[in-house]
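J.: Once you've had a glance at the structure underneath, I'll fire off some questions.
The values are calculated or read from the model by the stated rules, or taken from the named source; none is laboratory data. Note that this is a predicted model, so its numbers are computed, not measured. Ideal geometry is used to build each Cβ from the backbone, glycine not excepted, and the neighbour counts take in all protein chains shown. When the accessible area is computed, the model is the full protein with side chains, heavy atoms only, and any ligands, DNA or RNA have been set aside. Shrake-Rupley method; radii C 1.70, N 1.55, O 1.52, S 1.80 Å.
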Amino acid sequence: MITLSGLTKAFDGNVVLNNIDLEIKKGEIVVVIGPSGTGKSTLLRCLNLLETPDAGTLAIDDIQLDLAKASEKEAIELRKRASFVFQNYALFANKTALDNIAEGLVTVWKQPRAEARATALAILKEIGLTDKQDAYPASLSGGQQQRVGIARAMAAHSKVILFDEPTSALDPEWVDEVLGLMKQLARRHQTMVVVTHEIEFARDVADRVIFMEGGRIVEQGPPDQILVDPKDPRTREFLRKVL
Ligand code: ADP
Ligand code: MG
């Protein structure tokens, strides 16, 4: 469903992503691990055109893009198919939980506001947050804010949800409720790419684990291979540090 070819990105002449190819199947749960500064966030951001790559093509669902030359219109079409869940939630501080979810449906999907709010309410119900529909982000716990962030991606019925370290800004007490919601999505075969240091989540949920270092995919495979018996010494070294 997703084919990425030749993704390359440099910042000020410093190559951060080096010719990355990646194929993701419908319903696949891909977890990306690797040391910090290795290009994991940049990879996800390029996949949603939050950064403009220097080169790379992307086929997703029924569209095909030259990522380095995509128009704003193409970027919008891409973002209808791929949603982003940010480490710091990135909710609108001046909008309620309900309107945070409804907003994209109005602006991106051009849904009438009443319809968008009905969809948002249904999603809040699904994730057990109806009692917080009128709450502003500042009055929600970190876990609740991130669940609203995920609900926003769910409401868009995206082909793929891109998660960039969705639990790493959370106090430990809220991590499980967010991982729980992500597991719920995985059981529904929502296609996801998840950058995370939660190795246990990777072991339980991932169909495939990708280890990145220095802007390249070093190795990838099923979790019981990559996490238990990695071939590359760099993967072993990384796991030794995080486990
Ligand atoms: P990771 O998510 O794996 O920690 P990143 O993708 O955030 O890594 O960053 C990879 C490299 O690119 C780092 O060296 C980082 O400093 C650099 N980088 C990321 N974003 C920018 C930016 N907007 N401008 C300049 N350098 C950046
Ligand atoms: Mg990052």
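J.: Just for region 207-234: of the residues that are under 22 Å from the mean Cα position of the chain (by Cα) and of a type in the set (Val, Ile, Thr), which one is farthest from THR191 (Cα to Cα)?
T.: Per the stated criteria, the residue is VAL218.
J.: Based on what the data block shows, is LYS26 away from ligand 1 (no atom under 15 Å from the Cβ), under 16 Å from the mean Cα position of the chain (by Cα) and of a type outside the set (Gly, Ala, Ser)?
T.: The answer is yes for LYS26.
J.: Could you tell me which of the residues LEU4, LEU67, LEU50, LEU43 is modelled with pLDDT of 95 or more and in contact with a Pro (Cβ under 7 Å, 6 or more places away or on another chain)?
T.: Working: LEU4 fails: in contact with a Pro (Cβ under 7 Å, 6 or more places away or on another chain); LEU50 fails: in contact with a Pro (Cβ under 7 Å, 6 or more places away or on another chain); LEU43 fails: in contact with a Pro (Cβ under 7 Å, 6 or more places away or on another chain).
The match here is LEU67.
J.: Condition first: within 16 Å of ligand 1 (Cβ to nearest atom) and under 21 Å from MET1 (Cα atoms). Now tell me which residues in region 178-197 satisfy that.
T.: Listed by number, the residues that qualify are VAL193, VAL194, VAL195.
J.: Suppose we filter region 176-220 for residues that are surrounded by fewer than 20 Cβ atoms within 10 Å (Cβ to Cβ) and on the phi > 0 side of the Ramachandran plot; how many remain?
T.: So the answer is 2.
J.: May I pose another question? Show me the helices (runs of 4 or more DSSP H) found entirely inside region 1-108 where at least 3 residues are away from ligand 2 (no atom under 16 Å from the Cβ), free of Cβ contacts under 8 Å to residues at least 40 places away in the same chain and surrounded by fewer than 22 Cβ atoms within 10 Å (Cβ to Cβ).
T.: Once the helices (runs of 4 or more DSSP H) in region 1-108 are filtered for at least 3 residues that are away from ligand 2 (no atom under 16 Å from the Cβ), free of Cβ contacts under 8 Å to residues at least 40 places away in the same chain and surrounded by fewer than 22 Cβ atoms within 10 Å (Cβ to Cβ), what remains is 72-81, 97-107.
Every residue, every condition in (1) under 25 Å from ALA90 (Cα atoms); (2) within 16 Å of ligand 2 (Cβ to nearest atom); (3) in contact with a helix residue (DSSP H, G or I) (Cβ under 7 Å, 6 or more places away or on another chain), yes or no:
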position: ILE150; (1), (2), (3): yes, no, yes
position: GLY180; (1), (2), (3): yes, no, no
position: THR191; (1), (2), (3): yes, no, no
position: HIS197; (1), (2), (3): yes, yes, yes
position: ASP204; (1), (2), (3): no, no, no
position: ILE217; (1), (2), (3): no, yes, no
position: VAL228; (1), (2), (3): no, no, no
position: ASP232; (1), (2), (3): no, no, no
position: THR235; (1), (2), (3): no, no, yes
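J.: If LEU170 passes every condition in (1) assigned to a loop (DSSP other than H, G, I, E, B); (2) open to solvent by 30 Å² or more (accessible area, probe 1.4 Å) but one, which one does it miss?
T.: Going through the list (1) assigned to a loop (DSSP other than H, G, I, E, B); (2) open to solvent by 30 Å² or more (accessible area, probe 1.4 Å), LEU170 breaks only (2).
J.: Still on this structure, I have one more. Report whether or not VAL175 is part of a helix (DSSP H, G or I), β-branched (Val, Ile, Thr), away from ligand 1 (no atom under 16 Å from the Cβ) and within 26 Å of THR235 (Cα to Cα). Write out each step before concluding.
T.: Numbers: part of a helix (DSSP H, G or I): yes; β-branched (Val, Ile, Thr): yes; away from ligand 1 (no atom under 16 Å from the Cβ): yes; within 26 Å of THR235 (Cα to Cα): yes.
For VAL175, the condition - part of a helix (DSSP H, G or I), β-branched (Val, Ile, Thr), away from ligand 1 (no atom under 16 Å from the Cβ) and within 26 Å of THR235 (Cα to Cα) - is met.
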